[in-house]
Amino acid sequence: MYFDFISKVKYEGRDTKNPFAFRYYDAEKMVMGKKMKEHLPFAMAWWHTLCAAGTDMFGRDTADKSFGTEKGTMDHAKAKVDAGFELMEKLGIEYFCFHDVDLVPEADDIKETNKRLDEITDYILEKMKKTGIKCLWGTANMFSNPRFMNGAGSTNSAEVFCFAAAQTKKALDLTVKLGGKGYVFWGGREGYETLLNTDMKFEQENIAALMKMAVEYGRKIGFTGDFYIEPKPKEPMKHQYDFDAATAIGFLRQYGLDKDFKMNIEANHATLAGHTFQHELRISAMNNMLGSIDANQGDYLLGWDTDEFPSDVYTTTLCMYEVLKAGGLTGGFNFDAKNRRASYTPEDMVHALILGMDAYALGLIKAAQIIEEGTIDQFIKDRYASFSDGIGKKIRDGKTSLEELAAYADELGNASLPGSGRQEYLNTIINTILFQ
Ligand code: XUL
Ligand code: CO
């Protein structure tokens, strides 16, 4: 037991003084016809919660994540499983996400790494059976090992490409073994530093080939879930190919991968791309590709991926508005987020997950209120009313021509101004709902 200071974390309401209780997340509470826990399938990210210990560019670990064992051993790998399942059970988190090498120490020989992965996933499966906790998605870490310095699918080395293929194959095997709902491609180093040494078209074709083989293999071994691309514009590479949702969707369509893939949208990646989180969710949803979410947040003052636990309820509300409008996710809400370096205790790990779960629960409640209150949706509908009959309807139905529209404009001589956008009024509506 690593988290002895808590038993099951419970919903106690907003007035509680208990630091280890939910103020808003009430798993069984009904919101718009569904239980909160059904709207919000939360997942723990193995890498941040069980591996990351506070190292940054300027300093070493601050948190002790040895869980009473020696790091880099299989005992440590097992202790992480024990700690992770204890934490998920106590918080009522029903899913986890993993990279292959989050689970075990990577060996020099891939055959030995794979043996370790088989052993640890047997152990994880036992725990899953005992607790009912499930796997949301798996992925392969194809960015940490030095061999991937120039990318995985986008590498200049055919030999390295084979190692990317081998890791993808194994990670798919493990995802299927653990019953994962999805498989993620985050293009870790799939990008470039300079076009002086890069054939961009060649690299993108190779990434598509790797993904195509992954789909073929996955379907062959019985993977029925979604493949996801997780867009990110930069970091670690200066320019990453899956820049944002629109770019990734265009790429998938170009290479005939759009039937098997959806988006895994991460809040912090959206803001790095110069978009809002809501924008990336909308782009995905309107293309029927909103699959899953990496639930974190960045810092508007910093230009990098800070992976903070989500606390900004304005943002989670607009996220949940998009999710409700889209009819939910096929995936879930993965806390791809880490404690700040100075919050290094086990208590902080629990506070962080409570914060994230409460921020999303409150966002869900507020988004449902926005929809039920109705002003925003009605306003958007009315704003386009000129397209519901007459010449507007002809445009929408594709039953007109430039000549007819030009004649229509000639007849009018001048157009009346479009209706006001009323942005300030609409912001007031949102504030009224958020802070009532
Ligand atoms: C990195 C990131 C990854 C992916 C999975 O920015 O978000 O952890 O979520 O590889
Ligand atoms: Co992520």
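The values are calculated or read from the model by the stated rules, or taken from the named source; none is laboratory data. Only a predicted model underlies this, so the values are computations on that prediction, with no experimental measurement involved. All Cβ positions, even for glycine, are placed from backbone atoms using ideal geometry, and neighbour counts span all protein chains on display. Note: accessible area is taken over every heavy atom of the protein model, side chains too, but ligands, DNA and RNA are not part of it. Shrake-Rupley method; radii C 1.70, N 1.55, O 1.52, S 1.80 Å.
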When the Cα centres of the range 136-152 and the range 1-62 are compared, how far apart do they sit, in Å? 28
Simple label model, 7 Å out from Cα along Cβ direction - N197 to K234, nm: 1.9
Using the eigenvalues of the Cα gyration tensor, what equivalent ellipsoid semi-axes result for the range 277-350 when each is taken as the square root of five times the eigenvalue, whole Å, largest first? 26, 14, 10
Using a 1.4 Å probe on heavy atoms of the protein chains only, the accessible area for D26 in Å², nearest 10, reads 40
Net charge dipole size for the range 165-227 [Lys, Arg +1 and Asp, Glu -1 on Cβ; Debye, nearest 20]: 400
For L125 and T428, extending 7 Å from Cα along the Cα-Cβ vector and measuring point to point gives, in nm, a value of 6.1
Just to make sure I understand: if all protein chains stay in place, what is the order of K35, K169 by accessible area at 1.4 Å, largest first? K169, K35
Considering only protein heavy atoms, with the full assembly of protein chains and a 1.4 angstrom probe, order F379, F223 by accessible area, largest first. F379, F223
Rounded to the nearest 20 Debye, what is the dipole magnitude of the chain about its Cα centre when Lys and Arg each give +1 and Asp and Glu each give -1 at the C-beta? 860
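On a 32 Å Cα-Cα criterion, which of the cross-link pairs K10/K134; K29/K127; K10/K238 come out too long? Display every interim value, and only then the final one.
Numbers: K10/K134 21 Å; K29/K127 27 Å; K10/K238 44 Å.
Table pairs above 32 Å Cα-Cα are K10/K238.
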For T69, tell me the accessible area in Å² from a 1.4 Å probe, rounded to the nearest 10. 40
Expressed in square angstrom to the nearest 10, the accessible area of I354 with a 1.4 Å probe stands at 10
Charges on Cβ only, +1 for Lys and Arg, -1 for Asp and Glu, centred on the Cα centroid of the chain; of N145, I376, T73, which one is farthest towards the dipole's positive end? I376
In straight Cα distance, which lysines are under 17 Å from K111, not counting same-chain residues fewer than 8 positions off? K169, K170
Answer with one residue from T62, F96, M36: the one whose Cα lies farthest towards the positive end of the charge dipole of the range 1-99, charges on Cβ with Lys, Arg +1 and Asp, Glu -1. M36
Net length gained if the chain between D4 and D108 were fully extended (0.36 nm per residue, minus Cα distance): 33.8 nm
I'd like the Kirkwood hydrodynamic radius of the chain, using the inverse of the mean 1/r over distinct C-alpha pairs, in Å. 23.4
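Suppose every K and R has +1 on its Cβ and every D and E has -1 on its Cβ; what is the size of the dipole of the range 313-410 about the Cα centre, in Debye to the nearest 20? The partial results should precede the final answer.
Working: 11 positive and 14 negative charges, 42 e Å.
Roughly 200 debye for the range 313-410.
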Y384 versus K220: modelled label distance in nm, points set 7 Å from Cα along the beta carbon direction: 4.4
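Taking only Cα atoms of the range 1-92, what ratio of Rg to Rh do you get with Rh as the Kirkwood inverse-distance radius?
Numbers: Rg = 16.4 Å, Rh = 15.4 Å.
So for the range 1-92, dividing Rg by the Kirkwood Rh gives 1.06.
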Are any of the pairs K212/K325; K181/K325; K115/K262; K80/K129 more than 28 Å apart by Cα-Cα distance, and if so, which? K212/K325; K115/K262
Signed unit charges on C-beta, dipole axis of the range 283-436, positive-most listed residue L324, N427, A352: L324
